[in-house]
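Visitor: My questions will all concern the structure given below.
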Amino acid sequence: MREQDILTGSLLEDTWLTLEQVAAACTVEPEWLAYHIEEGLFPHVEGLAGTWRFSSANLTRARRMWRLERDFDAAPELAALMADLMEELDTLRRRLRRAGLA
Amino acid sequence: MQFKDYYQTLGVARDAAAEDIKKAFRKLARQYHPDVSKDPDAEARMKEVNEAYAVLSDPEKRAAYDQLGKGYQPGQEFRPPPDWAGGFEFTHRGFSPAEAADFSDFFAELFGRMGGAREGFRAAGVRAQGEDQHATILLDLEDAFHGATRQISLRVPKLDDRDRVTLETRTLNVQIPRGVREGQMIRLAGQGAPGQSGAPAGDLLLEVQFKPHPRFRVDGRDLRHTLPLAPWEAALGAVVSVDLPDGPLKVRIPEGAQSGWQLRVRGKGIPAHPPGDLLLDLQVVLPPAATPEAREFYATMARELAFDPRAETRG
């Protein structure tokens with residue numbers, strides 16, 4: 001394996017991206033994302049001078065909320081509530097897996 | 001190319017009202033929702049349902065589909081008429097370009113794939129840069145401790161010379177940063193789908209997952225390990241060695257430790273920034289009373305210690 005063939009990635013959590021880059025990573029539209037961040041529907045998002053630091057968990061959250069709003073015409077707040085519940089479900093499922101129960 | 005019966009996919013009649021189509025779509029979207037469905041084909045089914053809905057929920061596309069599809073049966077070989085223009089203006093229905101690009105060849109033939117779909121989205125203000133692509137990378141826990149170079153193979157759709165979509169296998173060697181955690185995304189800038197007319201390529205986002213480890217469970221940054229102890233190590237305290245992925249670690253067990261206790265060794269979990277902790281679940285294991293000497297030891301303990309393990313459970 002030649003050295004130049006090896007790709008070095010950066011961790012999403014550690015990377016500052018433009019709104020467009022974050023939106024593309026979430027496969028949503030930038031306007032949609034901007035509105036939802038503004039409305040406080042993404043917890044722990046850091047923004048600085050037009051760039052954003054987005055956690056992997058928030059990326060999954062964006063895709064879930066986008067889908068709920070599109071498929072069911074859900075209000076953004078309702079989609080966020082559903083996303084909260086799904087995240088809690090994820091946490092509980094992880095705990096079950098760790099306990100060897102799932 | 002086979003004809004696709006979108007009405008059958010959604011389970012509605014050909015003359016169904018728009019409202020009924022929406023209802024049928026929502027019912028299926030709920031049934032095959034990736035976070036809920038236990039059906040292993042849920043993702044593929046949802047793709048079909050999305051595609052059918054993208055056509056039938058749009059009056060223009062539905063009319064064109066109805067007109068073209070007259071006389072065709074599902075699965076029948078389909079060929080659009082020679083004067084078919086394709087390349088519809090892709091009215092925005094909330095399907096992202098990445099999803100639309102995933103629709104079938106049948107859809108692409110009728111309504112345009114790259115051209116039609118992306119053109120519409122570009123008009124709606126979305127860049128013409130290549131799409132970001134998502135994939136999962138399965139790592140050993142050891143990779144998070146040492147960092148590693150891993151090879152991954154991706155199957156990516158590509159347009160051939162005759163504008164047909166083919167799947168191409170692409171192999172990449174990826175440097176895994178030390179301290180990576182489960183669920184994190186490794187972003188490889190410019191390694192996603194190529195852009196159009198010289199626009200930059202999208203990114204490749206790799207979601208990290210760990211293979212199950214025989215001795216450790218991973219909880220975010222923390223590592224959990226069940227540590228077996230001899231009764232005298234627990235009772236008298238001891239220094240025991242735990243083999244971590246980056247070498248052995250000496251841990252002091254306090255005097256009087258019990259099964260079910262958890263010891264936290266700070267900073268000895270996944271070497272992230274900040275590093276996680278090592279959580280040791282103590283489990284006292286009794287030596288078997290398999291020899292006369294061992295039985296005699298237990299008998300002596302019973303006589304000498306006057307120990308009642310159920311003292312606190314009595315009423």
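Where a number appears in this text, it was derived from the coordinates with a stated rule and is not lab data. Being a predicted model, the structure only gives us computed values, none of them experimental. In this analysis, Cβ positions are derived from the backbone assuming ideal geometry, glycine residues included, and neighbour counts consider all displayed protein chains.
Visitor: For the protein assembly as shown, restrict the atom set to alpha-carbon positions and state the Rg and Dmax in Å.
Guide: Spelled out, the Cα radius of gyration and Dmax of the protein assembly as shown are 28.2, 100 Å.
Visitor: If we count other beta carbons within 10 Å of each Cβ, what is the order of B:70, B:47, fewest first? Each step should come with its number before you reach the end.
Guide: Details: B:70 7, B:47 15.
In increasing order of surrounding Cβ atoms, one gets B:70, B:47.
Visitor: Now for a different question. Suppose each label sits 7 Å from its Cα in the direction of the beta carbon; what would the residue B:236-residue B:168 distance come out to in nanometres?
Guide: Placing both labels 7 Å along Cα→Cβ, they lie 6.9 nm apart.
Visitor: Roughly how many Å is it from the Cα centre of the range B:169-236 to that of the range B:41-74, as a whole number?
Guide: The two parts, judged by their Cα centres, are 39 Å apart.
Visitor: Then there's this: Per DSSP H run of at least 4 residues, take -39500 (n - 2.57); add these up for the protein assembly as shown, divide by its residues and hand me the 222 nm value, nearest 500 deg cm²/dmol.
Guide: Helix contribution divided over all residues of the protein assembly as shown: -11000 deg cm²/dmol.
Visitor: For the range B:234-309, calculate the relative contact order in percent as a whole number, restricting contacts to Cα pairs under 8 Å that are 6 or more residues apart.
Guide: After rounding, I find 20 percent.
Visitor: Divide the volume of the convex hull of the Cα atoms of the range A:49-92 by its number of residues and quote the answer in cubic angstrom per residue.
Guide: With only Cα atoms used, the range A:49-92 gives 85 Å³ per residue.
Visitor: With labels modelled as points extended 7 Å from the Cα through the Cβ direction, what inter-label distance (nm, one decimal) is found for residue B:66 paired with residue B:262?
Guide: With each label point 7 Å from Cα toward Cβ, the separation is 6.1 nm.
Visitor: Points 7 angstrom from Cα along the Cβ direction at residue B:8 and residue B:35: gap in nanometres?
Guide: Each label point is offset 7 Å from its Cα along the Cβ direction, giving 3.3 nm.
Visitor: Given 0.36 nm per residue, what is the gain on full extension from residue B:155 to residue B:291 after removing their alpha carbon distance, in nm? Before the final figure, lay out each step's value.
Guide: On the way: separation 136, 0.36 × 136 = 48.96 nm, distance 6.09 nm.
Gain on extension, residue B:155 to residue B:291, equals 42.9 nm.
Visitor: Between residue B:26 and residue A:14, how high is the FRET efficiency from 1/(1 + (r/R0)^6) when r is the Cβ-Cβ distance and R₀ = 41 Å? Nearest 0.05.
Guide: Working from the Cβ atoms, E equals 0.60.
Visitor: Can you list, bin by bin at 10 Å, the percent of alpha carbon pairs in chain A, starting at 0?
Guide: So the P(r) values, bin by bin, are 14, 39, 27, 15, 4, 0.
Visitor: State, as an integer percentage, the relative contact order of chain A based on alpha-carbon contacts under 8 Å between residues 6 or more apart.
Guide: 23
Visitor: Take every DSSP beta bridge whose two residues both sit in the protein assembly as shown, then give the antiparallel share in percent to the nearest 5. Could you put the intermediate results ahead of the total?
Guide: Working: 39 of 56 bridges.
Once the DSSP bridges in the protein assembly as shown are tallied, antiparallel ones form about 70 percent.
Visitor: Assuming a viscosity of 1.567 mPa s and a temperature of 4 °C, what translational diffusion coefficient in µm² per second does Stokes-Einstein assign to the range B:143-276, Rh being the Kirkwood radius over Cα pairs?
Guide: Rounded, D is 70 µm²/s.
Visitor: While we're here: Between residue B:310 and residue B:79, what FRET efficiency follows from the Cβ-Cβ distance if R0 is 56 Å, with the result rounded to 0.05?
Guide: 0.10
Visitor: Within the range B:208-234, what residues put their amide N at less than 20 Å from the label point 7 Å along the Cα-to-Cβ vector of residue B:243?
Guide: The answer is B:211-218, B:223-230.
Visitor: Principal axes first, then extents: for the Cα atoms of the range B:219-315, list largest minus smallest coordinate on each axis, whole Å, largest first.
Guide: Cα extents, longest axis first: 53, 37, 19 Å.
Visitor: Another question, if that's okay. Would you mind getting me the FRET efficiency between residue B:226 and residue B:18? Use the beta-carbon distance for r and R0 = 51 Å, nearest 0.05. Walk me through the numbers on the way to the answer.
Guide: Values: r = 58 Å, r/R0 = 1.14.
Result of the calculation: an efficiency of 0.30.
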